[in-house]
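The structure under discussion is supplied below as C-alpha cells; questions concerning it will follow.
The values are calculated or read from the model by the stated rules, or taken from the named source; none is laboratory data. Computed from a predicted model, the values in this text were never measured in an experiment. Ideal geometry is used to build each Cβ from the backbone, glycine not excepted, and the neighbour counts take in all protein chains shown. The area values use the complete protein model at the heavy-atom level, side chains included, leaving out ligands, DNA and RNA. Shrake-Rupley method; radii C 1.70, N 1.55, O 1.52, S 1.80 Å.
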Amino acid sequence: MNRDELARGLRDAAYLEGDFVLRSGRRSKYYLDKYRFETRPDLLGPLGDALAAAVHEHEPEATRLAGPELGAVALAAAASLRSGLPFLIVRKAAKDYGTANRLEGPYEDGECVCLIEDVVTTGAP
C-alpha cells in the first residue's frame, strides 16, 4: 500500500463529521477516530511500515520505541513489529500494585527512545 492509498484508507475508516467535543474542550465539526483504524490489521500493518520508516529517517539512532497508553500502544506495537525495535508502554500514572512501573517493558538507561504519539490536536501534555 503506498502513502496515498494509506491516507485514503485512514480517512475512509476514521474521518467523521458531526458535532464533537474535543479533549481540549473545543468543539469541532469533524473528528478523527483513531480506534477505527488502529483496530484494523489491513490499515495498522501499512501504518506500522510508515511509522517504522519515519523513525528510521528522523531518529536513526533509536534503539527502542515508546507509546503512551492507550491510543499510541497499537501504533508503537505496529512500528515495533515492522522495524524490529522493541517498545515500551508509557502509563499515565504508575499502578499501586504489581511492579508499580510507569514504563512497561525492559529498557536500559541511556537508550535512544523514539516516542510515537497518536493524535495531537493542541500540542499540550
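Looking only at residues that are more than 12 Å from the chain's Cα centre (by Cα) and surrounded by 14 or more Cβ atoms within 10 Å (Cβ to Cβ) in the range 76-85, which one is nearest to Cys112 (Cα to Cα)?
Going residue by residue through the range 76-85, those that are more than 12 Å from the chain's Cα centre (by Cα) are 81-85.
Restricting the remaining residues to those that are surrounded by 14 or more Cβ atoms within 10 Å (Cβ to Cβ) gives 81-83, 85.
Values: Leu81: 18, Arg82: 18, Ser83: 15, Leu85: 11 Å.
So the residue we want is Leu85.
In addition: Scanning the range 31-75 for residues that are among the basic types (Lys, Arg) and part of a loop (DSSP other than H, G, I, E, B), which turns out least open to solvent (accessible area, probe 1.4 Å)? Talk me through it step by step, then tell me what you get.
Initial filter on the range 31-75 (among the basic types (Lys, Arg)): 34, 36, 40, 64.
Among the residues that remain, those that are also part of a loop (DSSP other than H, G, I, E, B) are: 34, 40.
Working: Lys34: 32, Arg40: 93 Å².
Top of the filtered list is Lys34.
Now a separate question. Could you tell me which of the residues Glu17, Glu5 is in a helix (DSSP H, G or I), of a type outside the set (A, V, I, L, M) and more than 19 Å from the chain's Cα centre (by Cα)? I'd like the intermediate steps shown before the answer.
Working: Glu17 fails: in a helix (DSSP H, G or I).
Exactly one of Glu17, Glu5 is in a helix (DSSP H, G or I), of a type outside the set (A, V, I, L, M) and more than 19 Å from the chain's Cα centre (by Cα), namely Glu5.
Could you tell me whether any residue of the range 70-84 is touching a Lys or Arg at 6+ places or on another chain (Cβ under 8 Å), of a type outside the set (A, V, I, L, M, F, W, C) and free of Cβ contacts under 8 Å to residues at least 24 places away in the same chain?
Within the range 70-84, the first condition is being touching a Lys or Arg at 6+ places or on another chain (Cβ under 8 Å), and the residues that meet it are 71.
From what is left, the residues that are of a type outside the set (A, V, I, L, M, F, W, C) are 71.
Keeping just the survivors that are free of Cβ contacts under 8 Å to residues at least 24 places away in the same chain gives none.
No, there is no match, as no residue in the range 70-84 is touching a Lys or Arg at 6+ places or on another chain (Cβ under 8 Å), of a type outside the set (A, V, I, L, M, F, W, C) and free of Cβ contacts under 8 Å to residues at least 24 places away in the same chain.
Right, another one. Return a yes/no flag: does the range 49-67 have any residue that is over 30 Å from Gly110 (Cβ atoms) and at pLDDT 95 or above. Step through it out loud before you land on a result.
Step one: list which residues in the range 49-67 are over 30 Å from Gly110 (Cβ atoms), which gives none.
No, because not a single residue in the range 49-67 is over 30 Å from Gly110 (Cβ atoms) and at pLDDT 95 or above.
Can you name every residue in the range 13-30 that is open to solvent by less than 80 Å² (accessible area, probe 1.4 Å) and without any contact (Cβ under 8 Å) to a residue 12 or more places away in the chain? Before the answer, list the steps.
Start the filter on the range 13-30 by keeping residues that are open to solvent by less than 80 Å² (accessible area, probe 1.4 Å), which leaves 13-16, 18, 20, 22, 24-25, 28.
Within the range 13-30, Phe20, Gly25, Ser28 meet the criteria.
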